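Values quoted throughout were computed directly from the atomic coordinates according to the rules given, and no laboratory measurement underlies them. Given the structure is predicted, the values throughout are model-derived calculations rather than measurements. Cβ: placed from backbone, ideal geometry, glycine included. Neighbour counts: every protein chain shown.
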Amino acid sequence: MSEKKIIIDDIELVSLFGSNDDYLNLIENRFKAGIIVRGNTVTIKGSDEEIAKIEKIFEELQYMLKRNKHISQQDVKTVVELLDSSPIPKELVNSTPMQLNQVIFQGVKDSIRIRNPKQLEYYNKVAGNDLVFAIGPAGTGKTFLAVAMALAALRNNDVSRVILSRPAVEAGESLGYLPGDLREKIDPYLKPLTDAMNYMLSPEKVKSLMERNIIEITPLAYMRGRTLSNSFIILDEAQNATTIQMKMFLTRLGLNSKAIITGDVTQIDLPRKSHSGLIDANRILQKIKGIEFVYFNNSDVVRHRLVAEIVKAYEKDDNVSEKSEKTKK
């Protein structure tokens, strides 16, 4: 990991970075490197190769600004494409379906790939629809792949931000009063999402994107009243959303946005009197064009071998208990 500082002189920064940093976001989304701006100093943290590319992009844009007095979003996109010698494919807008073992997102630790036919179905349904439900047991890659697809869309500038959300429901035990500010209180609930994010991006990159609200991680309760446009939205652990919460979330979807809802209907932590919004959505929304459902089972588990065996054993026990209850009645 290297670092380089660039001083921007004799240039109006809003002209170079764009209104609301739109141009700066286009550049940063393309690379793994983090870009931090303080006054007229730009700090780039990443590999030597990417730092060199980003520095060259800024040099070219400054030259264009001095020559033409202004630059457009298309100018920035063109410069980035020309100076990035290894352009990243448009994963989410492919005209042909993805194949097994193809890369969804090139992370800092590993390439995130499609590992089985069910994941391939999942990917292609997300690519072709604005709203996809992924339902199935733990370990099938529902959340992990959703985060990878969201980051791929962000890197390709198909969306301008990624929003990750979860219901703040405890799994079978009370954590009691949690100390600290709001961020510290909600962190335990959102840890699986941040773990996936930190696996795919460097800590500097994550920090930079979150500081600028390009990546937002928030509890489901905080989504009310918002309209989420030009965004890739993920609702994880959706089995713990009530019917009212699910309806509220689904109606947040704005223009040029995609949403993935993931959940496992065998792990509902809501009080018994509450109905799971995921189960209701699965029943109510089946026939709406543009909404797709992907169903994983224990044969699709890609974690440790024992995870698949554990899921299978619990399913078998649940079936035995259900038959026993019916016999008693």
Output wanted: per-residue J couplings in Hz (rounded whole) for region 239-253, from phi through Karplus 6.51 cos²θ - 1.76 cosθ + 1.60, θ = phi - 60°, x for Gly and Pro.
5, 9, 8, 6, 4, 5, 5, 5, 4, 4, 5, 5, 8, 7, 5
Which net charge results when you count Lys and Arg as +1 and Asp and Glu as -1 among the other residues whose beta-carbon is under 11 Å from that of Ile244?
+1
Tell me, in nm to one decimal, what length is gained between Thr41 and Asn297 on full extension, where the rule is 0.36 nm per residue of separation less the Cα-Cα distance?
87.1 nm
Can you list residues whose amide H is under 5 Å from Ala168's amide H, if they're 5+ apart or on another chain and H is modeled 1.01 Å from N?
Leu220, Ala221
Mean Cβ-within-10 Å packing, highest first, puts peptides 228-241, 282-295 in the order 228-241, 282-295
Using each residue's phi in region 111-119, evaluate 6.51 cos²θ - 1.76 cosθ + 1.60 at θ = phi - 60° and report the 3J(HN,Hα) Karplus result to the nearest Hz, with x for Gly and Pro.
8, 8, 10, 7, 10, 7, x, 5, 5
Just to check I understand the Karplus step: with θ = phi - 60° and J = 6.51 cos²θ - 1.76 cosθ + 1.60, what whole-Hz values come out for region 279-287, glycine and proline as x?
5, 5, 5, 4, 7, 8, 9, 4, 9
Find how much the distance from Lys69 to Thr266 grows on full extension, using 0.36 nm per residue of separation minus their present alpha carbon separation; answer in nm with one decimal.
64.9 nm
Please say if region 1-51 is rounded, prolate or oblate, where rounded means a/c under 1.5 for a ≥ b ≥ c the square roots of the C-alpha gyration tensor eigenvalues, and otherwise the choice is prolate for a/b larger than b/c and oblate otherwise?
oblate
Ordering of 48-57, 141-150 by packing [mean C-beta count within 10 Å, highest first]
141-150, 48-57
Using only the Cα atoms of region 202-306, build the gyration tensor, take square roots of its eigenvalues as a ≥ b ≥ c, and label the shape rounded, prolate or oblate: rounded if a/c is under 1.5, else prolate if a/b is larger than b/c, else oblate.
oblate
Potential lengthening between Glu216 and Arg113 on full extension [0.36 nm per residue; Cα-Cα distance subtracted]:
34.7 nm
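For the pairs Lys125/Lys316; Lys191/Lys258; Lys5/Lys32, flag any whose C-alpha to C-alpha distance is greater than 26 Å.
Check vs 26 Å cut-off fails for Lys125/Lys316.
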